[in-house]
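The values are calculated or read from the model by the stated rules, or taken from the named source; none is laboratory data. Values in this document were obtained by computation on a predicted structure and should not be read as measured data. So basically every Cβ, Gly included, is an ideal-geometry build from the backbone, and we count neighbours across all protein chains shown.
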Amino acid sequence: MQALTSPTSLHHLFARGAAAQDALPSGVRPPVQVRQLSSRDLQWLPALADLLIDSVHQGASLGFLAPLSRYAALDYWHSVYARLGQQHSLWIACEGDGHGPLHGAVQLALPTQGNAHHRGEVQRLMVHSQERGRGIASQLIASLECAALKHARKLLVLDVPADSQAEAVYQHLGWQRAGEIPGYGACAEGRLHDTVLMYKQLG
């Protein structure tokens, strides 16, 4: 059994973390780390709820309408945690040593049908509105793609609003359009928008 950390040890850990951040040049922020969560990592639920609310209120098309209540956001993440396992994975991006503020998240669903063991579906890539432009989406997707390959999934699919910032991000990351469906989904404000189906083949 792992020994509990003593108050003295905790003091040294916090002091070391603070010293590491103090050592950074002025204006330079700690690097962003990507880590996979399990159903036991419940401490991230409040931050994940904040991230979802921020994304929806900034207009992201994630299946929710604005305004999104904290209760609804937490309820959604509880449902995600209940699915975490071999067929469903969740990654987060946070600062520092992996325990800092949460800036982004993404999910991967692996179909279980007999004819679908070669593919996976990317779900709900989110980056906090105040943290965009730092390459966080790229880091999250890179981690997801590596995991997909480990599960022998060489084709990934997703859907995004047509001509959106999300589509531009995925195109930058090497994804391709497969087709467009008019009026398929509703944005956070409730207006219908065209949806693009995208895919990426992993080598």
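Remarks
- Selection status of D54, surrounded by 13 or more Cβ atoms within 10 Å (Cβ to Cβ) and acidic (D, E): yes
- Residues in the stretch 42-58 that are touching a Leu at 6+ places or on another chain (Cβ under 9 Å) and among the charged types (D, E, K, R): 1 in all.
- Residue match in the stretch 102-109 (condition: farther than 21 Å from Q201 by Cβ, out of contact with any Phe, Trp or Tyr (no Cβ under 9 Å at 6 or more places or on another chain) and touching a residue at least 24 places away in the same chain (Cβ under 8 Å)): yes
- Residue in the stretch 163-185 that is nearest to the chain's Cα centre (by Cα), counting only those that are among the hydrophobic types (A, V, I, L, M, F, W, C) and over 27 Å from G133 (Cβ atoms): A178
- Those strands (runs of 3 or more DSSP E) of the stretch 124-203 in which at least 2 residues are under 30 Å from P101 (Cα atoms), considering only elements entirely within it, cover 155-161.
- Screening R40, R35 for residues that are charged (D, E, K, R), modelled with pLDDT of 95 or more and over 15 Å from the mean Cα position of the chain (by Cα) leaves exactly one candidate, R40.
- Restricting L192, L155 to those that are surrounded by fewer than 13 Cβ atoms within 10 Å (Cβ to Cβ), more than 17 Å from the chain's Cα centre (by Cα) and not basic (K, R) reduces the list to L192.
- Residue satisfying all of: in the stretch 132-152; charged (D, E, K, R) and modelled with pLDDT under 95; surrounded by the most Cβ atoms within 10 Å (Cβ to Cβ) among these: R134
- Test result for D163, of a type in the set (D, E), surrounded by 14 or more Cβ atoms within 10 Å (Cβ to Cβ) and within 17 Å of C187 (Cα to Cα): no
- Failed condition for Q21, given (1) under 27 Å from R153 (Cα atoms); (2) part of a helix (DSSP H, G or I); (3) at pLDDT below 95; (4) not β-branched (V, I, T): (1)
- Every residue from the stretch 42-99 that is in a loop (DSSP other than H, G, I, E, B) and of a type in the set (A, V, I, L, M, F, W, C): A60, L62, F64, L65, A66, L68, L84
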